[in-house]
Amino acid sequence: MSGIPVIDLSRPGSADSIARACEDIGFFCVTGHGVPESVLRASWRAARDFFDLPLAARMRVAMPYAGYPYGYSPLSGETLARSLGDAAPPDRKQSFAIGPVTKPSHTITDPDEDFAWSPNRWPDELPALQESWTARYTALSQLAAHLLSLMAESLHLPDNYFDAMIDRHTSAMRALDYPGAADSSVAIADGQWGASAHTDYGTLTILETDPDQPGLQVRRSDDAWVDVDTPSGSLVVNLGDAMERWTNDRWRSTLHRVTIPAGRRQSIAFFHNANWDAVIECLPTCLAPGEVARHSPIAAGPHLMGKFTSTVNRY
């Protein structure tokens, strides 16, 4: 596992194991996570079926303009390195993304927050996609809340500390399809990656990786890039920028990237976000006597939107 720990959430002491992983590398794999295998498999198959549709069918649910948050993004539609201000060729991948699967239960007055609740775009050709993805989104929302309760415990906070900051979350879920290096229909540009180096923006990410095609790499504290090889049935979890700021950099939002795989590769990532207006500021238990907060308070939503829009390419 190249230093990426595996944590069984069904065992006692998982909160302490999570804390160590968050301090050391910001990545860990979870087993015993409680997400039904049937939910994972149905949504995985539906994603593959979507990417196997003719391009014209995929484009009917394309993001209607550059910067729309949900729908299909064709090859070269994004450059993740731009979120860090780095110039890089477009990422060699295509994607399909959704946002919240239920309507907001609160009144929205901020047009930017309203944008985060934009309608999802579902292909008529695949009715199973909406059903299976709704189930996956719901299950991973519950897992994210459980992980945050364990993180709160390990930070010496009440286990429900984050609940009021995630009860209106606008998390996104995205399937990614990476053409293999041998696919001659998709040229490889100099310096191009499947997904260029970046950190994630929200609280945490829950990822299912391809069991047959590796590619995810994480940068350790010694600046070495290591491959992430996941055990069967596990999910990868990594921290986003919000958690790094909440913990005053005690925990790490780690750079990661995806290489261009030998063969076609798929993954599905659930990007969990705090409520739009949640304030991300140093947690009281993460400030030692005499220490000052390293980051100014920010609102979760505007931070997320700024990072997202910086990565979008026109197509």
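The values are calculated or read from the model by the stated rules, or taken from the named source; none is laboratory data. Predicted model only: the values in this text are computed from it and were never measured. Here Cβ is always computed from backbone atoms with ideal geometry, including for glycine, and neighbour counts include all displayed protein chains. Surface accessibility is based on the protein's heavy atoms, side chains included, excluding ligands, DNA and RNA. Shrake-Rupley method; radii C 1.70, N 1.55, O 1.52, S 1.80 Å.
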Which ones in region 3-38 are part of a helix (DSSP H, G or I) and buried (at least 22 other Cβ atoms within 10 Å of the Cβ)? 18, 21, 22
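The rows are residues; the columns are (1) in a loop (DSSP other than H, G, I, E, B); (2) aromatic (Phe, Trp, Tyr); (3) farther than 30 Å from residue 262 by Cβ.
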site	(1), (2), (3)
103	yes, no, yes
107	yes, no, yes
122	yes, yes, yes
130	no, no, yes
152	no, no, yes
164	no, no, yes
175	no, no, no
202	yes, no, yes
Taking region 175-231 and keeping only residues that are surrounded by fewer than 21 Cβ atoms within 10 Å (Cβ to Cβ), within 23 Å of residue 245 (Cβ to Cβ), of a type in the set (D, E, K, R) and touching a residue at least 60 places away in the same chain (Cβ under 8 Å), one is left with 220
So, in region 284-315, of the ones that are open to solvent by less than 30 Å² (accessible area, probe 1.4 Å) and touching a Lys or Arg at 6+ places or on another chain (Cβ under 9 Å), which residue ends up modelled with the highest pLDDT? 286
Failed condition for residue 89, given (1) farther than 28 Å from residue 193 by Cα; (2) part of a loop (DSSP other than H, G, I, E, B); (3) open to solvent by less than 40 Å² (accessible area, probe 1.4 Å): (1)
Regarding residue 168, is this residue open to solvent by 10 Å² or more (accessible area, probe 1.4 Å), closer than 25 Å to residue 45 by Cβ and either without any contact (Cβ under 8 Å) to a residue 24 or more places away in the chain or not in a helix (DSSP H, G or I) (or both)? no
